[in-house]
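In what follows, a structure is listed as structure tokens, so that the remarks can point back to it.
The values are calculated or read from the model by the stated rules, or taken from the named source; none is laboratory data. Because the structure is predicted, anything quoted here is derived from the model rather than measured. A quick note on method: Cβ atoms are made from the backbone with ideal geometry, for glycine too, and the neighbour counts reach across all protein chains shown. Side chains included, ligands, DNA and RNA excluded: accessible areas come from the protein's heavy atoms. Shrake-Rupley method; radii C 1.70, N 1.55, O 1.52, S 1.80 Å.
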Amino acid sequence: MHNSDRDTPVPENSSEHNESSCQEPKTICDVLANTLDSGSHLLDFSHTATPRHIRLVDCRALTEEDMLRIVEFPEFPTLSYAAISYPWRGVALDEHFSGHTFAVKGAEHADPVGTDALKHACAAALLRGCPLLWLDRLCIMQDNKEDKHWQIQHMYRVYKSCSLCLVLAGGVQRLVRLDEPTTWIHRSWTLQEVLAPPEVAVLLDWGLGSGTALSGGTRATFDEVVAGESALASLSLILQACTIGTLSFTSTEAEATPAPTTAMVEAAVFSAHPAKHTYNDIPFWRPQRKILAPNVIALTIAMDPVLASDPEVRAHAVWQSALMRTSSRPVDMVFSIMGLFDVSLDPSRFHPQDRRGATIALAQAILDAGCRLSPDPSLSTFPIFPRTSVSGVALVQTVNGVQEVSELVDPAMDVEGYFSCTARAIRLVPVENPSHDAGKNSVFEAFDGSRWSARSHEEDEDDGRDVYAVLLSWFNKYYPGQTSALDTDNICAILVEKHSEPNSFHVRSFFTLHRKHRASVLSWPERAFRLGGPEPPPSSDLLPTDDEEVEQTESLSDLGSPEDETVIRAVW
């Protein structure tokens, strides 16, 4: 392999290349791609690269000269570049695959990189006006912990700063068709990789050329990249198609005819349950197709410009989507989403198994970033004193005008992972015989099967149990391509039980209430809770494992059967 330390000019089509000398890249790798392999000729630039630098692949060098040229910047470049989102272990190759692949030193455990797939990605980037490409496998020093930790800490910025994110759902060995199921939607890192960039497109194995596609009310174009071989389509369109199961496609040539023909194409690249056909199915129009996977819908919500315009809805969709993803390193489940909450944790503080510690640190950082009361001008050791009155709410003057104090006082989480908050709540009593108690208060059935009713005054004596229903939110069930369902049980509450002093509760279950209870729920008094536990973290989470390397490898295991619908949260 030939490496070079010579300075390389910025690609000609960049208007930013004379802006600053810090933007001048250095070539750290310049090698014919077909001279690399997965044996004795691994890609290795560890001796020419500098840790804590940004590296990018020169797209024209690969597509026009077959040269894998990697350039390095000391700072984040202002140049236009594309970034790839993919699973480290993707769709397996079959016996008919004859393409060239190569491995990277330090990442031999991952799927090799397919040269053709990489060329298609470079061609797609150039099609969108991006002369450079970022791919973690080729742009991170895989055998250097210092560089890996730095790159992980700046991963959100890598994708936020790119002009385009290319989704290679089947991995980087080969492109996949629209009807091939993949594990991309389950990979932890892919969530922020598609929520951070300004534009996200899926690169597919596609032989129908350019044209227009329609699915669930979403219309978008397919742009051919390599004639007869690949095409780009927006991620929003493909997600929508995977929730419904199909898309209709009309080629550019067909659109020019008096009676254009439309092809129906099955979409399963992100679906957990591919469509199963039988001889008597009504093709592509079955209303009960079991493909509404909640992980697909959660990401659809997070990316929807209308639904995600509410920060609370977007944050809930992000958490929900993150919980349905997986990683070989538990701590990556936190690192892979921290940028979405404007948090940057230091990866070197946590060992690979310490997901709980990283989760607590993430929650603390999110809560600490909340608004705070300014100090009082005449008694600065105290926050500004609110306006008081016999009735009404406490108010303070802020730069944003007069606000309620309750809006400025944030919940908090301590180092043990206990979350302190104030919420509307009512004390509950267990119901052993629902029919016998039906004449009293309404009986609520929690998700764990237990039954409860509001504790009346005559039941206030201590029975050794301290259980509350805590108001969480109002929600509507989400159906892609349609309006919200006319559901009625859309008040969500948490079932919490006290397990220790002071005032420490743990979540037992959840339940929903009919909307007819709205007035009653709003009359619940507010109460302070300290939620967490009830058990301490397992000792295995606390064992240091410094010898384990930081990897972004993923594995899909024991995901269970997803439900057919998901719920979005809205603020009351």
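Where Lys and Arg each count +1 and Asp and Glu each count -1, what net charge lies around Leu68 among other residues with Cβ under 9 Å from its Cβ?
Net charge around Leu68: -2.
List the GluC sites (Glu not before Pro) in the range 33-115 that DSSP assigns to loop (not H, G, I, E or B) and whose Cβ has at most 16 other Cβ atoms within 10 Å. Which are they?
When the GluC sites (Glu not before Pro) of the range 33-115 are filtered for loop state and at most 16 Cβ neighbours within 10 Å, Glu75, Glu95, Glu108 remain.
Length gain on complete extension for the stretch Arg52 to Ser500, per 0.36 nm per residue less the alpha carbon to alpha carbon distance?
That works out to 156.6 nm of additional length.
Under 12 Å from a point placed 7 Å out from the Cα of Thr78 along the Cα-to-Cβ direction: which residues of the range 133-158 have their backbone N that close?
Under 12 Å, as judged by backbone N against the label point of Thr78, lies no residue of the range 133-158.
Does the range 41-158 come out rounded, prolate or oblate by the C-alpha gyration tensor, with a ≥ b ≥ c the root eigenvalues, rounded set by a/c under 1.5 and, if not, prolate when a/b is larger than b/c and oblate if not?
Since a/c reaches 1.5 but b/c is at least a/b, the shape of the range 41-158 is classed as oblate.
So how do Lys516, Lys160, Lys105, Lys119 rank on accessible area, 1.4 Å probe, biggest first, that is with the largest at the start?
Final ranking, largest accessible area leading: Lys516, Lys160, Lys105, Lys119.
If I compute solvent accessible area with a 1.4 Å probe over the protein chains, what percent of it on the range 153-218 is carbon and sulfur?
45
Give me the distance in nm between label points sitting 7 Å out from Cα along the Cα-to-Cβ direction at Ser309 and Thr221, one decimal.
Spacing of the two 7 Å Cα→Cβ label points: 2.6 nm.
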